[in-house]
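**Q** Just dropping this structure here.
Just so you know, all these numbers are worked out from the coordinates, no wet-lab data involved. Remember, predicted model here, so these are calculated numbers, not experimental data. For neighbour counting, all protein chains shown are included, and Cβ atoms are generated from backbone atoms with ideal geometry for every residue, glycine included.
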Amino acid sequence: MPYRDRFDLDRAVAAWRHVYARRRAFLDEDLDELERHLRDHTDSLVREGLSERAAFESALRGLGDLEEGVDEYGKVYWAKIRRRGRIRSELGQRAAFLASYLKVALRNVRREKGYAAIHVSGLAIGLACFLLMSLYAQHELSYDRHFATSGRLYRVFMEETSDGRTVGRAVTPPALSPTLKRDFDVVADAVRFGLTRTSLSPGEPRFTEVDVAWGDSTFFEAFPFRFAAGDARSALRRPNSAVLTASTARRFFGTDDAIGRHIQTPGLRFAAGLTVTGIIEDVPSTTHFTFDLIAPRSTILPPEMAQSADDQWWFYGDYTYVLLRDAASAPLLAEQLPLLSERYLSDRPGISIQFGLQQVTDIHLHSRLDREIGPNGRAKHVYLFGGVGLLVLILGCINFMNLATARAARRAREVGVRKTIGARRIQLVGQFLTESFVIVSASAIMGLLLAIAALPALEGLADTELDVQGPIVFWILGGLPLLIAGVVLTSGFYPAFVLSGFRPTIVLKGRMATSSSGVLLVQKGLVVLQFACSIGLLIGTAGVYHQITYMREADLGLDEEHVVVLSIPNNFRGKFEPETVRQAFLQHEGVRKVGFSRFAPTENIFANGSPIPEAFEREVPVYWHTSDRHYQDALGLRIVAGRGFSDAAASDSVGAYGSFLVNETAVRRFGWTDPIGKALLNPFNREPMGRVIGVVGDFHLTSLAEPIEPLVYALARDAGSFRRIAVRLQPGSAASALPFMERQWTHLMPDAPFSHYFLDDAFDALYRAEERLNRIVAVFAGLAIFVAALGLIGLAAYAAEQRTKEIGIRRVLGATVADIAALLASEFVALVVVAFLISAPAAYVLLQRWLAGYAYKIDVGVGIIAASGGAVLAVALLIVGYRSVRAALVNPVASLRHE
Amino acid sequence: MLPKPLLAASFEPLVLALLARGESYGYELIQQIEKVSDGQISWSANRLYPLLHDLENRGLLRATWLDAGPGPDRKYYRLTAKGEKALSQARRDWREVHQLLVRLWGPAATPTT
């Protein structure tokens, strides 16, 4: 056979395949199938007798036309792609759209970095404020709820009525608790509790002042603190046991493991030291009391007091708490409480005592009784803070809405173009919503970070620690996403819809300013609202600050600085010689005056006497205080008529009490023109009790929120009624005088605790709630203004840009930079003025309402209001002025070409 | 030779019908149709195989590769349940057309051309 005739099937097939393989329509497996077909056909033809070559060529022809094959294979391939694509695109379409929106949104946002920054920061501040305020509100509302028993835990308070005046007291008779437990089924347990401050020592010669609580042995049944060591049930059973908080244990012994350790009690001489029987968690800040150490009642209180206590109904020094068997039985118990008064307290005519029930979780915000354990918060303040936080958030949202609209309008031309090529309205709305979403999310994250960063500041302002863990989880998981969605929907929809409703041709021709007059009006309205809120807040802040300053700096009528007040416990009355103590104290050069009395200022708010003034028909309720000769001097009271006690002569003693001092208000109330020498009569038998030898100038016994009432000082004949010692110190000598006094004290009265406080501190503490309020409102006023300013910046910039062309024309026609600036600024100044006119009267009225709760208050002068309005106006002018000047300075040619 | 449109229209039902008789592969199908149609219908590979692939993509056929000696494996096709349903539908459709034509061209009808 000739060389050329030698036929190789495989080579032929390979050659064929090579040709086909070059065409993209044929996949490898298609070629495999075709090759197989080729070979099969060739084989079958060979079997019929053809030569391999002829068979192959015939089979090759049988394949068909190459181009036709390419077409057919290609068609099937595309059909497959399309089919696969259709299934996936149902899911992918949404994602693709979102992705493209997101891309465009990010690009837009990045393009307008400046405005985006304003958006983000305004909203972030609003969000941060809202977060912080809700944290604070939640904190305040959660007091005492951490006790597992809080649903069944109540405090019993008492109401004392005499001479037509009723006073509520948080302290109760010691007999109350055991009686409740004994006589009332619904009571599962009743415990007594109290606080004092004394010095203890862990063994070294070093003493530390410690807040010591006392409680009945079942205290931890009612208040289930977590025990790190020791057993709750038995920890207070044995006398001289003590349960420490973890940090106190660390303070004393350097370790939490302090069971069995010994504590010396130099301030409680009758107790032979304490043994630690338990360690508990620190008292959470959200509790209406706090202590470092708690010991059994019988250990802390002097023996006579502790033992006689259970039948004593007529003095009060304990806080009584009841744990009910069942939360629902509270009303039942409340109904039965009057039985107590009938059974045990009906033996004193003229004085009626009733008991009431209050839920422990209500104490912090709603209880305003005499002798509360500590300064409570006020429910009103919580609502106020929550409201203010919400307000700033709303301001931030308004900002966002405004600026979003401005931003949308700025890109109006782009929208116009897109609309003319048929972009659907929904797509546009979606676009803007996505941008809003990006910005709001960024704001939310920033707001969260801001809130976390500002938390220490809030704790400082509010004077408490705040627990963040729970709330943060809540916000991140649920609150924030909801908030973001809410803000996006409410703030983003408006500009999106507004914008997509514009007719494209008008937009293209640049006549935005006129056709959008409706939009601009709404924007301006919102800015007015923002500024109105800011001005209002500012006025409120200024007013409250003024009032607080006034109250703190007002002349109280006595000299409250450098005065220490000591407490004499009830069981020591009459058991010491006041003059001895006085002389002992006076040995120190820093001690200038020492006086004894029944009550000290800020303590007693109950009018407790009702003598009949001479020549007056009826009894007059008065503050009846007994004191020694030196007390008025110690307090620095002014004698405005007659003499003080220190100059009292023996002949002044007539009647049961002898000599009286009255204050000016008493003189007026008694209708006396010449008070010296007048008598005060016993209301029961109309016998004279003594004569007035002098008049003291009116002074404040308590907060300036309360009016000054008539006051009578009775010169005590014996020391039995003295409970307080007022010691006036030389300025600067407290550090050395106090320890000296304490030593003298324990020497003379070995078992009495040396419990003291400074009088000016006591007065300051009266205003703590107001100060807290003011600090926080002030911060928010500042923030509100800042947010409003941000909004104004954006708006002014937008307005200036919109009118670039107009400005250019004016400039060409000869207007100066000043003219233009004035023109633009005046419009915005008008806004601020309107805001002022809206908010100033409202703020004035609200401020007056708040001030009505104070007996002594400032006059809300025009000054405060004008100053606030002026401050805001100045800020607005600065912003608008800057923007206007910048706009006016643009080269007129450039702005005329601005298209 | 039948006109192209008819060939094209009948392609799918014929393939399904042939595969209803059992699993088969491309070359065999071509031979079978030539035998059954007495040479009237002659499919080319370049047109049959794409159709088979399309039917496979649409889920009417399932394919398996089996060893066939020297050279590539052979691709066998068989009807799926969906394919059988499509075949029944095609049968109904063609029967309807056929009956219509018979009615018009039947013994009583006279062709006008």
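**Q** Averaging over every viewing direction, what projected area does the convex hull of the Cα atoms of region A:578-645 cover, in nm²? Walk me through the intermediate numbers first.
**A** Numbers: hull surface 24.6 nm².
Answer in nm², one decimal: 6.1.
**Q** Taking amide H positions as placed in the peptide plane 1.01 Å from N, state which residues far from A:Asn663 in sequence (5 or more) or on other chains have amide H under 5 Å from it.
**A** A:Val696, A:Leu711
**Q** Still on this model: Karplus couplings for region A:445-455 from phi (6.51 cos²θ - 1.76 cosθ + 1.60, θ = phi - 60°), rounded to Hz, Gly and Pro as x?
**A** 5, 4, x, 4, 5, 4, 4, 4, 5, 7, 4
**Q** So what are the ³J(HN,Hα) numbers for region A:525-533, from phi and the Karplus equation (6.51, -1.76, 1.60; θ = phi - 60°), rounded to whole Hz, Gly and Pro as x?
**A** x, 5, 5, 4, 4, 4, 5, 4, 4
**Q** Sticking with this one: Please give the Cα centre distance for region A:693-772 versus region A:15-31, rounded to the nearest Å.
**A** 109 Å
**Q** Take chain B, connect every pair of alpha-carbon atoms lying under 10 Å apart with a spring to form a Gaussian network, then pick out the residue of B:Gln99, B:Gln31, B:Gln40 with the largest mean-square fluctuation.
**A** B:Gln99
**Q** At 37 °C and 0.692 mPa s, grab the translational diffusion coefficient of region B:8-113 from Stokes-Einstein with a Kirkwood Rh over Cα pairs, rounded to a whole number in µm² per second.
**A** 213 µm²/s
**Q** Related question: Enumerate the amide H contacts of A:Arg643 below 5 Å, restricted to partners 5 or more residues apart or on another chain; note that Pro and chain-start residues carry no placed amide H.
**A** For A:Arg643, whose amide H was placed from the backbone, the distant partners under 5 Å are A:Gly694, A:Val695.
**Q** Further, regarding this structure: Going by average Cβ density within 10 Å per residue, which order do the peptides A:127-134, A:880-887, B:1-8, B:58-65 take, highest to lowest?
**A** Highest to lowest by the protection proxy: A:127-134, A:880-887, B:58-65, B:1-8.
**Q** Using the Karplus equation 6.51 cos²θ - 1.76 cosθ + 1.60 (θ = phi - 60°), what ³J(HN,Hα) coupling, rounded to whole Hz, does each residue of region B:11-27 give in order, writing x for Gly and Pro?
**A** 3J(HN,Hα) across region B:11-27, in whole Hz: 3, 5, x, 5, 5, 4, 5, 4, 6, 5, 7, x, 4, 7, 10, x, 4.
**Q** Using amide H atoms built in the peptide plane, which far-off residues or other-chain residues are under 5 Å from A:Ser755 H to H?
**A** A:Ser567
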